[in-house]
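Read through the structure below, which is laid out as structure tokens, and then see the notes.
The values are calculated or read from the model by the stated rules, or taken from the named source; none is laboratory data. Since the structure is predicted, the reported quantities are computational estimates derived from the model, not experimental observations. Note that each Cβ is placed from the backbone with ideal geometry, even for glycine, and that neighbours are counted across all protein chains shown. These area figures cover heavy atoms from the full protein model, side chains too; ligands, DNA and RNA do not enter into them. Shrake-Rupley method; radii C 1.70, N 1.55, O 1.52, S 1.80 Å.
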Amino acid sequence: MATATKPKTPTLGQLEADHLKAAKAQTAELARLAEQVEDFQTEAEQASAKLNGMRRAFGQGDATATAAEFAAAFHGVERAELLATGVTRKVAELRKTPPVTDKRVAELAARLVKMNHVPEVIPTFVKPPVPADLTKPVIYVVQTSPTVSRGGQLSADVEFVHYRPEGFIPLDANAINEIRQAVHREGWSVRDIDGSSQYGSDTVRAKGLYVREGIPVIAAEPGAHEVNMAASIAGGYISSSMRVGGSLGDTSALKMTPTKKKYKATTGEDGIRRTVIEVEYNVQSKVISTEGGLLYQAMHDGVPAMVGAFIQGVGVIEEAKQVHATADQGADFRATGGTLSLRLVIVSAVRPVNSGPGPKPVPGMRVPTHSKGVDTSRIASGGGTSGVIN
């Protein structure tokens, strides 16, 4: 009697290849159905025109068309309209669940779960196979929705599927909290995160995970809107460096109002873009008066804190420098406000700089560029003079 052979578990590579093949077929089916919708809509319009022509003829006493022809025209309209509606519904259903064919977010998210006791972390876009002979833990980072790219940020839903032999630590509530903290340390964000466990495996679901490369990829050059956003975010770091209590609780003691902004974006041959923004602020104290020295200190302390901050559509602040600062103080050395000028260098890339996660910018970091770059300078004018955004 022949012994039944146990079916082989497909490898991850085979599963991904089959998934991509099915996704390609779904895309082709969607295109075919979309074309059908147009055909049935055209057929419905033509059938309706034919039916209305018969009606006009009957109204004028012309009995050329027979009752059978009239009935066929009437039902032809209904048939074509129903078919157009039905196929339109099919198209909508297919578009609701687009196939996931990339793992860009999963590849970046893998760094969140690199733990000492887990030697292997594998990004993918398919449901992972359960290892046949599991001798050590493995985590699959499964991207379950297509990547959405916006202004240098990538987002998708991701699941961390942890297979573990008996006796190994599960991804419990503490592990979920560690993942959440790791997200924040990276400067990323997640809308919701939860998990569940069963014998031998755990699943942590991160819904709405927003990530970015160390040097974010932003194809479009920044414009006036992005520069205004950068000025606002940089001003927020300054105002947050001086706080005051009171009936409303802890709040910023300074109001930062940008008055002038200039910028210039230069892209090197290696695809690294640096946008230099010069911005002037009118600084106002929200309290009756502030010691001038404290105001100077606040304007100074907030500058290094903004290095590494991400600004959508512009990049990551690589350098921040206080160019000039004044405090409007009287003989009693009390100040109600002042002025501040900042120079920001914000780094981004027009294309991926490497295949994996990029280096995270830190104070003083410079990414080498060729000396002869492509200068894409822009001086924005929002209704003001040249070189100034009002």
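Extending 7 Å from Cα along the Cβ direction at GLU45 and again at HIS300 yields two label points whose distance is 7.2 nm. Here the extension length gained between GLU178 and LYS127 equals 16.0 nm, from 0.36 nm per residue of separation less the Cα-Cα distance. Rounded to two decimals, the Cα-based Rg/Rh of the stretch 67-123, with Kirkwood Rh, is 1.58. At full extension, LEU134 and THR257 could sit 38.3 nm farther apart than now, given 0.36 nm per residue minus the alpha carbon distance. Computed over every Cα-Cα pair of the stretch 52-153 and binned at 10 Å starting from 0, the pair-distance distribution P(r) comes out as 12, 22, 16, 12, 10, 10, 10, 6, 2 percent. In terms of packing, defined here as the mean over residues of other Cβ atoms within 10 angstrom, the peptides 146-152, 24-30, 214-220 line up highest first as 214-220, 146-152, 24-30. Label-to-label distance for ALA68 and ASN52 is 2.8 nm, based on points extended 7 Å past Cα in the beta-carbon direction. Straight-line reach from LYS261: taking Cα to Cα under 20 Å and skipping same-chain neighbours fewer than 8 places apart, the aspartates and glutamates in range are GLU221, GLU226, GLU278, GLU280, GLU318, GLU319, ASP375. Taking a ≥ b ≥ c as the square roots of the eigenvalues of the alpha carbon gyration tensor, the stretch 20-112 is prolate, as a/c is not under 1.5 and a/b beats b/c. Sorting 271-281, 190-200, 98-108 by their mean Cβ neighbour count within 10 Å, with the most densely packed peptide first, gives 271-281, 98-108, 190-200. Centroid-to-centroid, using Cα positions, the stretch 95-109 and the stretch 38-77 are 48 Å apart.
Partner aspartates and glutamates whose Cα lies under 17 Å from the Cα of LYS50, excluding those fewer than 8 positions away in the same chain, are identified as ASP39, ASP62, GLU69, GLU78, GLU81.
Solvent-accessible area of LYS264, all protein chains in place: 100 Å² (probe radius 1.4 Å, heavy atoms, ligands and nucleic acids excluded). Between LYS21 and ASP270, the simple spin-label model (points 7 angstrom out along Cα→Cβ) gives 4.2 nm.
A Cα-only calculation for the stretch 103-200 places Rg and Dmax at 13.5, 44 Å.
Taking a point 7 Å from the Cα of LEU12 along the Cα-to-Cβ direction, the residues of the stretch 195-223 with backbone N closer than 19 Å to it are 200-206.
Taken along its three principal axes, the alpha carbon spread of the stretch 167-239 comes to 55, 31, 18 Å, from the longest extent down to the shortest. On a per residue basis, the stretch 94-246 carries 48 Å² of accessible surface, using protein heavy atoms and a 1.4 Å probe. The LEU82 and ARG191 beta-carbon pair, evaluated with R₀ = 56 Å, returns a calculated FRET efficiency of approximately 0.90. Given a 1.4 Å probe and the protein chains as shown, LYS50 ends up with an accessible area of around 120 Å².
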